[in-house]
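Structure record follows, encoded as C-alpha coordinates.
The values are calculated or read from the model by the stated rules, or taken from the named source; none is laboratory data. These numbers were taken from a predicted model, which means no experiment stands behind them. No Cβ is skipped: glycine too gets one built from the backbone with ideal geometry, and neighbour counts run over all protein chains shown.
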Amino acid sequence: MQDLVRQIEECRMCRDRFAGTATAHVPRPVVWASKTARVLIAGQAPGARVHQSGRPFTDPSGERLRDWLGIDADEFYDRTKIAIVPMAFCFPGYDVKGADLPPPAICRRTWHPRLVPELDKVELKILVGGYAQKWHLGVRTNLTDTVSAWRDFMPNAFPLPHPSWRNTGWLKKNPWFEADLLPELRRKLREVLDAN
(Lines give C-alpha, C1' and ligand atoms only; values in the text may rest on other atoms or scores of the structure.)
Protein backbone atom coordinates (compact mmCIF):
# COMPACT_ATOMS: atom_id res chain seq x y z
CA MET A 1 0.00 0.00 0.00
CA GLN A 2 2.87 2.41 0.67
CA ASP A 3 3.91 2.12 -2.97
CA LEU A 4 0.39 3.04 -4.07
CA VAL A 5 0.27 6.04 -1.72
CA ARG A 6 3.65 7.16 -3.12
CA GLN A 7 2.34 6.83 -6.69
CA ILE A 8 -0.68 9.00 -5.82
CA GLU A 9 1.55 11.60 -4.14
CA GLU A 10 3.71 11.73 -7.27
CA CYS A 11 0.74 11.98 -9.68
CA ARG A 12 0.82 14.99 -12.00
CA MET A 13 -1.83 14.02 -14.56
CA CYS A 14 -3.82 17.22 -13.93
CA ARG A 15 -0.85 19.56 -14.43
CA ASP A 16 -2.20 20.94 -17.72
CA ARG A 17 -5.76 21.18 -16.39
CA PHE A 18 -4.67 23.26 -13.39
CA ALA A 19 -2.55 25.52 -15.58
CA GLY A 20 -5.82 26.85 -17.03
CA THR A 21 -7.40 27.75 -13.67
CA ALA A 22 -7.33 31.06 -11.84
CA THR A 23 -4.75 29.63 -9.43
CA ALA A 24 -2.54 27.99 -12.11
CA HIS A 25 -0.97 25.77 -9.46
CA VAL A 26 1.18 22.66 -9.66
CA PRO A 27 -0.61 19.49 -8.50
CA ARG A 28 0.14 18.41 -4.95
CA PRO A 29 -1.85 15.28 -4.11
CA VAL A 30 -2.75 14.93 -0.46
CA VAL A 31 -3.50 11.34 0.57
CA TRP A 32 -3.75 10.17 4.17
CA ALA A 33 -4.11 6.41 4.40
CA SER A 34 -2.67 3.26 5.86
CA LYS A 35 -3.53 -0.42 5.73
CA THR A 36 -4.55 -0.40 9.41
CA ALA A 37 -7.13 2.43 9.23
CA ARG A 38 -10.52 1.48 10.63
CA VAL A 39 -12.27 4.75 9.75
CA LEU A 40 -12.49 6.33 6.31
CA ILE A 41 -13.28 10.01 5.93
CA ALA A 42 -14.16 10.63 2.29
CA GLY A 43 -14.52 14.23 1.19
CA GLN A 44 -14.52 16.25 -2.00
CA ALA A 45 -11.03 17.61 -2.67
CA PRO A 46 -8.37 19.57 -0.77
CA GLY A 47 -8.80 23.32 -0.53
CA ALA A 48 -6.11 25.95 -1.05
CA ARG A 49 -4.89 25.80 2.57
CA VAL A 50 -4.57 22.02 2.42
CA HIS A 51 -2.69 22.39 -0.87
CA GLN A 52 -0.18 24.58 0.98
CA SER A 53 0.10 22.44 4.12
CA GLY A 54 0.03 19.00 2.50
CA ARG A 55 -2.18 17.80 5.34
CA PRO A 56 -5.97 17.23 4.99
CA PHE A 57 -8.50 19.50 6.67
CA THR A 58 -5.96 22.06 7.95
CA ASP A 59 -8.51 24.83 7.68
CA PRO A 60 -11.66 26.04 9.46
CA SER A 61 -13.64 23.22 7.82
CA GLY A 62 -11.31 20.75 9.50
CA GLU A 63 -11.84 22.40 12.88
CA ARG A 64 -15.59 22.11 12.45
CA LEU A 65 -15.34 18.51 11.25
CA ARG A 66 -13.23 17.52 14.28
CA ASP A 67 -15.80 19.21 16.52
CA TRP A 68 -18.60 17.27 14.80
CA LEU A 69 -16.65 14.04 15.34
CA GLY A 70 -15.78 14.85 18.96
CA ILE A 71 -12.06 14.11 18.52
CA ASP A 72 -8.91 16.18 18.75
CA ALA A 73 -6.30 16.78 16.05
CA ASP A 74 -3.93 14.10 17.37
CA GLU A 75 -6.54 11.39 16.98
CA PHE A 76 -7.88 12.81 13.71
CA TYR A 77 -4.41 12.74 12.13
CA ASP A 78 -3.48 9.28 13.37
CA ARG A 79 -3.40 7.63 9.96
CA THR A 80 -3.02 4.19 11.55
CA LYS A 81 -6.66 4.65 12.65
CA ILE A 82 -8.20 7.16 10.24
CA ALA A 83 -7.79 7.34 6.45
CA ILE A 84 -8.73 10.60 4.72
CA VAL A 85 -9.39 9.90 1.06
CA PRO A 86 -11.16 12.64 -0.92
CA MET A 87 -12.72 12.12 -4.34
CA ALA A 88 -9.78 14.05 -5.81
CA PHE A 89 -6.40 14.33 -4.13
CA CYS A 90 -5.39 17.78 -5.44
CA PHE A 91 -6.82 21.24 -4.93
CA PRO A 92 -8.88 21.67 -8.14
CA GLY A 93 -8.51 25.47 -8.27
CA TYR A 94 -11.14 28.21 -8.27
CA ASP A 95 -13.85 29.09 -10.76
CA VAL A 96 -14.37 32.66 -11.98
CA LYS A 97 -16.52 33.44 -8.92
CA GLY A 98 -13.83 32.27 -6.48
CA ALA A 99 -15.50 29.00 -5.50
CA ASP A 100 -13.60 25.72 -5.50
CA LEU A 101 -13.94 23.81 -8.75
CA PRO A 102 -15.44 20.31 -8.49
CA PRO A 103 -13.08 17.38 -8.06
CA PRO A 104 -11.85 16.13 -11.45
CA ALA A 105 -13.44 12.71 -12.08
CA ILE A 106 -10.22 11.39 -13.63
CA CYS A 107 -8.63 11.32 -10.17
CA ARG A 108 -11.37 9.12 -8.71
CA ARG A 109 -11.44 6.88 -11.79
CA THR A 110 -7.67 6.44 -11.72
CA TRP A 111 -6.96 5.95 -8.03
CA HIS A 112 -10.04 4.92 -6.05
CA PRO A 113 -10.52 1.46 -7.62
CA ARG A 114 -6.98 0.68 -6.49
CA LEU A 115 -6.82 2.48 -3.13
CA VAL A 116 -10.23 1.90 -1.54
CA PRO A 117 -10.03 -1.94 -1.67
CA GLU A 118 -6.70 -1.68 0.18
CA LEU A 119 -8.57 -0.10 3.09
CA ASP A 120 -10.03 -3.46 4.02
CA LYS A 121 -10.00 -2.85 7.79
CA VAL A 122 -12.40 0.11 7.52
CA GLU A 123 -15.50 -0.37 9.67
CA LEU A 124 -16.90 3.15 9.43
CA LYS A 125 -17.18 5.52 6.47
CA ILE A 126 -17.79 9.22 7.11
CA LEU A 127 -18.91 10.67 3.78
CA VAL A 128 -18.49 14.44 3.58
CA GLY A 129 -20.45 16.05 0.76
CA GLY A 130 -22.43 14.90 -2.25
CA TYR A 131 -19.53 13.70 -4.41
CA ALA A 132 -18.36 11.21 -1.78
CA GLN A 133 -21.91 10.11 -0.98
CA LYS A 134 -22.74 9.42 -4.62
CA TRP A 135 -19.64 7.29 -5.14
CA HIS A 136 -19.54 5.39 -1.85
CA LEU A 137 -23.29 4.95 -1.34
CA GLY A 138 -24.41 4.89 -4.97
CA VAL A 139 -27.14 7.45 -4.18
CA ARG A 140 -28.49 9.90 -6.73
CA THR A 141 -30.42 12.11 -4.31
CA ASN A 142 -29.42 15.62 -3.32
CA LEU A 143 -27.28 16.17 -0.24
CA THR A 144 -30.14 17.15 2.09
CA ASP A 145 -32.17 14.07 1.15
CA THR A 146 -29.14 11.80 1.56
CA VAL A 147 -28.06 13.24 4.90
CA SER A 148 -31.62 13.26 6.25
CA ALA A 149 -31.81 9.51 5.42
CA TRP A 150 -28.65 8.87 7.49
CA ARG A 151 -30.25 6.05 9.49
CA ASP A 152 -30.59 4.04 6.25
CA PHE A 153 -26.79 3.84 6.00
CA MET A 154 -26.02 2.91 9.61
CA PRO A 155 -24.09 1.42 11.25
CA ASN A 156 -21.20 1.54 8.77
CA ALA A 157 -21.65 4.88 7.00
CA PHE A 158 -22.67 8.41 7.93
CA PRO A 159 -23.34 11.02 5.22
CA LEU A 160 -22.49 14.58 6.28
CA PRO A 161 -22.72 18.00 4.66
CA HIS A 162 -19.43 19.73 4.05
CA PRO A 163 -18.25 21.41 7.27
CA SER A 164 -17.58 24.67 5.43
CA TRP A 165 -18.78 27.83 7.16
CA ARG A 166 -20.78 28.42 3.97
CA ASN A 167 -23.12 25.69 5.19
CA THR A 168 -24.05 27.45 8.43
CA GLY A 169 -27.44 28.30 6.91
CA TRP A 170 -28.02 24.63 6.08
CA LEU A 171 -27.25 23.67 9.68
CA LYS A 172 -29.75 26.22 10.99
CA LYS A 173 -32.45 24.88 8.66
CA ASN A 174 -31.72 21.29 9.68
CA PRO A 175 -31.34 21.23 13.49
CA TRP A 176 -31.83 17.43 13.52
CA PHE A 177 -28.29 17.11 12.13
CA GLU A 178 -26.63 18.30 15.33
CA ALA A 179 -29.36 17.01 17.66
CA ASP A 180 -29.78 13.48 16.28
CA LEU A 181 -27.08 12.51 13.77
CA LEU A 182 -23.95 13.86 15.48
CA PRO A 183 -24.45 12.06 18.82
CA GLU A 184 -24.88 8.76 16.97
CA LEU A 185 -21.84 9.44 14.79
CA ARG A 186 -19.69 10.28 17.82
CA ARG A 187 -20.84 7.13 19.62
CA LYS A 188 -20.09 4.89 16.62
CA LEU A 189 -16.74 6.57 15.94
CA ARG A 190 -15.68 6.14 19.56
CA GLU A 191 -16.71 2.48 19.46
CA VAL A 192 -14.62 1.83 16.34
CA LEU A 193 -11.58 3.79 17.49
CA ASP A 194 -11.58 2.21 20.95
CA ALA A 195 -12.02 -1.39 19.78
CA ASN A 196 -8.95 -3.60 20.05
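Anything in region 82-125 that is under 23 Å from Leu193 (Cα atoms) and more than 15 Å from the chain's Cα centre (by Cα)? List them, or say none. Spell out how you get there, then give the answer.
Looking only at region 82-125, we keep the residues that are under 23 Å from Leu193 (Cα atoms), and these are 82-86, 115-125.
Matches in region 82-125: Pro117, Glu118, Asp120, Lys121, Glu123.
Among the residues making up region 25-54, a single one is of a type in the set (D, E, K, R) and under 20 Å from Leu160 (Cα atoms): Arg38. Looking at region 126-146, is at least one residue surrounded by fewer than 20 Cβ atoms within 10 Å (Cβ to Cβ), farther than 23 Å from Pro29 by Cβ and under 15 Å from the mean Cα position of the chain (by Cα)? Yes: region 126-146 contains one or more residues that are surrounded by fewer than 20 Cβ atoms within 10 Å (Cβ to Cβ), farther than 23 Å from Pro29 by Cβ and under 15 Å from the mean Cα position of the chain (by Cα).
Which one of these is assigned to a loop (DSSP other than H, G, I, E, B) and closer than 20 Å to Trp165 by Cα: Thr80, Thr58? Explain how you work it out, then say what you get.
On the way: Thr80 fails: closer than 20 Å to Trp165 by Cα.
The unique qualifying residue is Thr58.
Among the residues of region 92-144, those that are over 23 Å from Leu65 (Cβ atoms) and assigned to a loop (DSSP other than H, G, I, E, B) comprise Asp95, Val96, Lys97, Asp120, Gly138, Arg140. Selection of region 87-105 for residues being surrounded by fewer than 17 Cβ atoms within 10 Å (Cβ to Cβ) and at pLDDT 95 or above yields an empty set.
With respect to Arg108, is the statement that it is in contact (Cβ under 8 Å) with a residue 24 or more places away in the chain, surrounded by fewer than 17 Cβ atoms within 10 Å (Cβ to Cβ) and either touching a Pro at 6+ places or on another chain (Cβ under 8 Å) or farther than 19 Å from Arg38 by Cβ (or both) true?
Working: in contact (Cβ under 8 Å) with a residue 24 or more places away in the chain: yes; surrounded by fewer than 17 Cβ atoms within 10 Å (Cβ to Cβ): no; either touching a Pro at 6+ places or on another chain (Cβ under 8 Å) or farther than 19 Å from Arg38 by Cβ (or both): yes.
No.
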